[in-house]
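This is the structure, below, for whatever I ask next.
A short reminder: the numbers here are calculations on the coordinates, not readings from a lab. Since the structure is predicted, the reported quantities are computational estimates derived from the model, not experimental observations. Counting neighbours? That spans all protein chains shown, and the Cβs are built from the backbone with ideal geometry, glycine included.
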Amino acid sequence: MSLSPIGIFGGTFDPIHFGHLRLAEEMADALHLSQVRFMPAGQPPHRAAPRTAAHHRTAMVQRAIAGNPRFVLDTRELEKPTPSYTVETLEALRAEFGEAQPLFLLLGADAFLGLPGWHRWQSLFTLAQLAVASRPGAALSVDTLTEPLRGEVMKQTTTQAVRFLDMTPLTISATLIRAQLAHNRSARYLLPDPVRAYIDEHQLYPSS
Ligand code: ATP
Ligand code: MG
């Protein structure tokens, strides 16, 4: 019996929006994932700390994925006092699910292009397959990659190691949503209503 693959989707989710949700849904379809594990980052090592407390970002993910049977919240990175390195998270998942379990690390194109800045990034390729979703503004194909990423992708022995997949192009970003709200403009239809309600209730991104 072959195990159906699991997707791992990390992010700051500050806040989670329809770009994230479509990526997860479309990758789940394309790769036949039995589940996508949404993993809010604690202290991301490669970027500024999210300004929104982890419990709020978690609550927003919870509200966003409620009712989707394939989507699961995984808070393991938040439970660590130290920076959350994706490579260590994957090692833990690998130990938990076993060698036979197909794992896909889901990444938007911009995150993938930044991979060489990540802790022990080459090891990521040995722990999971990578599924990279197109993101407007971040060009994608092996030919357009620059070193050292290109070399690492070329080194993989199977073409399945790194999958480049198209998704519905959505230029939504959390940065855009924070900016809209900071200017007192509506973020409606950029993210799920229950997430918007949570933001309002807790005044997470007050207008300046
Ligand atoms: P910020 O603007 O604060 O950086 P973000 O919208 O980029 O937030 P992140 O939490 O940084 O969200 O991203 C988590 C993952 O989701 C990354 O792999 C990123 O590439 C991907 N992603 C986010 N938005 C989109 C989108 N609109 N289309 C495709 N991928 C996306
Ligand atoms: Mg981002």
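Just tell me, in residue order, which DSSP H segments of the chain are both 18 angstrom or longer along the helix axis (alpha-carbon based) and at least 0.0 in mean Kyte-Doolittle hydropathy.
In the chain, the long hydrophobic H runs are 18-31.
Related question: Return an integer: the convex hull volume of the alpha-carbon atoms of segment 72-176, in Å³ per residue. Don't skip to the answer; put the middle values down first.
Values: hull volume 14.1 nm³, N = 105.
Hull volume over Cα atoms, normalised by residue count, gives 135 Å³.
When the dipole is taken about the Cα centre of the chain, and only Lys, Arg (+1) and Asp, Glu (-1) are charged at their Cβ, what size is it in debye, to the nearest 20?
380 debye
Report the one residue of Phe112, Ser186, His55 whose Cα lies farthest in the direction of the positive end of the charge dipole of the chain (charges on C-beta: Lys and Arg +1, Asp and Glu -1; origin at the Cα centre).
Going by the charge dipole, the pick is Ser186.
Sorting Ser84, Ser208 on the 10 Å Cβ count, fewest up front, what's the list?
In increasing order of surrounding Cβ atoms, one gets Ser208, Ser84.
Now for a different question. Compute the semi-axes of the equivalent ellipsoid of the chain, taking the square root of 5 times each eigenvalue of the Cα gyration tensor, and list them largest first in whole Å.
After diagonalising the Cα gyration tensor, the semi-axes are 28, 19, 17 Å.
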